[in-house]
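Engineer: Have a look at this one.
The values are calculated or read from the model by the stated rules, or taken from the named source; none is laboratory data. What you see is a predicted model; the values in this text were computed from it and never measured. Backbone-built Cβ (ideal geometry, glycine too); neighbour counts: all protein chains shown. The protein model used for the area step is the full one, side chains on, heavy atoms only, and it has no ligands, DNA or RNA in it. Shrake-Rupley method; radii C 1.70, N 1.55, O 1.52, S 1.80 Å.
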Amino acid sequence: MSGLISMKPIYERLGKMSNKKLQKMADVHQKNLLRFIEMRKATTRTIDEKQKKYKKCMLDAVREMKSNVPKALGGGMRARLLKADITVAMSSRSVIRMNEFYHRMMIILIEDILVGVNYNPDRVNNLIPQEFSDLISSSISGTNFTQFLAKLKDEIEEVGQ
Amino acid sequence: MIPWFFTRDEIQSFANLSLKKKSRKLDELSEQLQTTENLLRDRIKQSRDMAERAARRLNRGDHEASKDLLNSFSSHIASTQPLMNTYVARKLEFSLFEIMAVEGFEFPSALLELRNDIHFGLFAVNSMDELERLLMAESDPFEELGIDIQESIENEVSS
């Protein structure tokens with residue numbers, strides 16, 4: 001968790017609020033969290049659909065490359081647009097997930113304060129590594145197509161065998 | 001540090017608009033994006049038609065006609081790139097505005113307070129020029145599969 005900046009200031013700010021205000025704040029974050037979860041799910045569905053189309057497009061193109069180059073190139077043009085759409089959708093999803101994470105973290109911090117948990121950076125760190133690493137790896141893979149295409153190439157070669 | 005994309009004036013000013021104005025702006029951008037997308041799809045369709053016509057000509061043994069069409073196709077691909085860049089930039093902006101219009105949206109500054117090594121995907125570019133450079137490098141799926149389009153065309157034409 002080298003990139004984690006101390007959350008103590010937020011924790012301290014929240015600690016100065018009344019329980020009633022904190023509860024109200026938690027409700028607002030909960031509603032916001034649900035909105036971003038829904039939005040993230042919808043974006044993921046879009047990415048999955050476009051990736052399937054892209055994969056099919058590329059599979060067809062690579063297959064056609066052996067027998068009919070011009071036709072394969074025509075299919076490749078469609079793949080370029082799909083790829084651009086996937087990259088944009090993945091970038092958007094990283095922003096949505098950051099918002100989702102932000103609201104979830106705020107709810108956790110508020111709940112902790114409401115039940116009187118003392119601030120402990122190690123405990124907070126232990127709460128979030130999985131979510132953070134997932135968030136970050138997904139975001140990076142959003143723009144890392146080399147890995148995605150390497151897998152696709154392997155799959156194409158398997159199909160061709 | 002907050003990525004440049006989020007600090008642009010139009011992004012910052014959108015955040016301060018009322019819900020009604022945000023919705024109006026989104027409609028406006030959606031229309032603009034749709035027009036760009038339609039134009040791009042038309043160009044892609046034209047390219048595909050050219051490639052398919054070349055394929056038919058090749059099957060009939062009309063090598064010269066096929067060559068001409070493939071050469072046109074090749075220059076068509078190059079002419080599509082600037083439009084593709086515009087499309088991606090508009091789509092990125094529209095997507096961000098859509099997210100910003102959701103109640104509870106927080107700018108990355110709030111999140112960077114929690115963690116400073118978050119990756120922002122295409123939003124992490126430092127300028128529109130950088131976005132274009134990235135797309136130029138990204139937009140050839142064949143190249144990443146080890147297939148050189150130009151070389152394939154040349155081989156096809158010379159065969």
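Engineer: For A:Glu12 paired with B:Asp49, estimate the spin-label separation in nm (one decimal), with each label point 7 Å from Cα along the Cα-to-Cβ line.
Structural biologist: Roughly 6.8 nm, to one decimal.
Engineer: At 7 Å along Cα-to-Cβ for each site, give me the label-to-label distance between B:Thr7 and A:Lys66 in nm.
Structural biologist: Going from the B:Thr7 label point to the A:Lys66 one covers 5.2 nm.
Engineer: If R0 is 41 Å, what FRET efficiency do you get for A:Gln23 and A:Lys56 from their C-beta distance, rounded to 0.05?
Structural biologist: 0.25
Engineer: Next question, about the same structure. Report the gain in length on full extension from B:Glu28 to B:Asp129: 0.36 nm times residue separation, minus Cα-Cα distance, nm rounded to one decimal.
Structural biologist: Result for the pair: 33.9 nm of gain on full extension.
Engineer: Further, regarding this structure: How far apart, in nm, are two points set 7 Å out from the Cα along the Cα-to-Cβ line at A:Glu111 and at B:Ser75?
Structural biologist: Going from the A:Glu111 label point to the B:Ser75 one covers 6.4 nm.
Engineer: If R₀ is 35 angstrom, what is the calculated FRET efficiency for the pair A:Asn118 and A:Thr44, using the beta carbon separation as r and rounding to 0.05?
Structural biologist: 0.40
Engineer: Run the 1.4 Å probe and let me know the accessible area of B:Thr7, rounded to the nearest 10 Å².
Structural biologist: It works out to around 70 Å².
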